[in-house]
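In what follows, a structure is listed as structure tokens, so that the remarks can point back to it.
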Amino acid sequence: MKPLVIAVDGPAASGKGTLARRLAKALGLPYLDTGLLYRAVARAVLDAGGNPADPALAASAARALTPAALERTDLRTPEVDRAASMVAQLPEVRAALLDFQRNFAAEHGAVLDGRDIGTVVLPDAPIKLFVTASLAERAKRRWRERKDRGEVATLAEVQAELAERDRADVERTVAPLRPAADAVLLDTTTLDVEATFRAAQAIVRERLAAMNASSLT
Ligand code: DC
């Protein structure tokens, strides 16, 4: 039997990361936050004093990426948010990161979260979730996270940054953010972490039952 692969896509601060991590734990699967790949590439370019919009520089950082680079604790700063969004626009960078993501999933199965997992990275994944929430709700969540980390930013600033990242994710020409045709949509605007997990569990159970039924016929 092929190892189980679950694709979880959606916009920033939709709750997809928390959900994907939890699903992976519940199912005993490895978990990969693919946003960290783009963040680590951005960090490497910034460390080298380079421009994150430079395709040759960013692609060479992507090719040199090691799993240890994903463990860095400085990948979630506002500076890296902006630079990651820039390197993610570059087709050379996206191509260089494809094998890493596919090999990770192929080894033991996995839950991967990102923007293009169900559409580009793993289009054959048997279970795909597309997690969304309203911009206002996502801004509130991200603002609270930042406040807890001691960062100063107003809710309006955080919402404007998120709107800009949404625009960049949705409008880019390579691998834009959109639900795969066979993804199940999960709107978490009015759901807390627990309710989101329960809703996703129900979707996964249903898909697994359908897969088992079709393998028996
Ligand atoms: O999910 P995140 O905020 O950590 O993602 C960081 C950046 O990388 C963000 O600008 C979107 C981009 N990204 C992407 O283009 N494709 C992915 N599979 C994951 C993230």
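FYI, it's all coordinate maths here, none of it is from the lab. Note that the structure is predicted; figures quoted are calculated from it, not measured. Quick reminder, even Gly has a Cβ in these numbers, built from the backbone with ideal geometry, and neighbours come from all protein chains shown.
A few points about this structure:
- With the convex hull drawn around the C-alpha atoms of the stretch 1-132, the volume per residue stands at 101 Å³.
- Karplus-derived HN-Hα couplings along the stretch 199-206 (A = 6.51, B = -1.76, C = 1.60, θ = phi - 60°), whole Hz, x at Gly and Pro: 5, 5, 4, 5, 5, 5, 4, 5
- Evaluating 6.51 cos²θ - 1.76 cosθ + 1.60 at θ = phi - 60° for every residue in the stretch 136-153, the Karplus couplings come out as 4, 5, 5, 5, 4, 4, 5, 4, 4, 4, 5, 4, 5, 8, x, 7, 9, 7 Hz, glycine and proline recorded as x.
- On Cα atoms only, tilt of 78-87 relative to the major axis of the chain in degrees: 70
- In plain terms, the bigger the Kirkwood radius, the slower the diffusion; for the stretch 56-129, with that radius from Cα pairs, at 4 °C and 1.567 mPa s, Stokes-Einstein puts D at 95 µm²/s.
- Size-normalised alpha-carbon gyration radius of the stretch 29-71, reference 2.2 N^0.38 Å: 1.17
- Bridgeable aspartates and glutamates around LYS147 (alpha carbons under 18 Å apart, same-chain partners fewer than 8 residues away excluded): ASP74, GLU79, ASP81, GLU137, GLU157, GLU161.
- Degrees separating the helix 16-27 axis from the principal Cα axis of the chain, which is the longest one: 40
- Gain in span if fully extended, GLU107 to GLN201, counting 0.36 nm per residue against the direct Cα distance: 31.5 nm
- Helix 35-47 and the long axis of the chain differ in direction by around 20°, with both axes built from C-alpha atoms.
- Gained length - ALA48 relative to VAL174, 0.36 nm times residue gap less alpha-carbon distance: 42.8 nm
- Distance in nm between pseudo-label sites at SER215 and ARG144 (7 Å out along the Cβ direction from Cα): 3.9
- Residues whose amide H falls under 5 Å from that of ALA133, counting only those 5 or more places apart or on a different chain, are THR188, with hydrogens built in the peptide plane.
- In Hz, Karplus ³J(HN,Hα) per residue of the stretch 107-114 (6.51, -1.76, 1.60; θ = phi - 60°; x = Gly, Pro): 4, 10, x, 5, 10, 10, 10, x
- For the stretch 152-217, the gyration tensor built on C-alpha atoms gives an oblate shape. Its axis ratio a/c (a ≥ b ≥ c) is at least 1.5, and a/b is not larger than b/c.
- Stretching the chain fully between ARG21 and LEU208 yields a gain of 65.5 nm (0.36 nm per residue, less the alpha carbon separation).
- Relative contact order, percent, the stretch 113-217 [alpha-carbon distance under 8 Å, six or more residues apart]: 38
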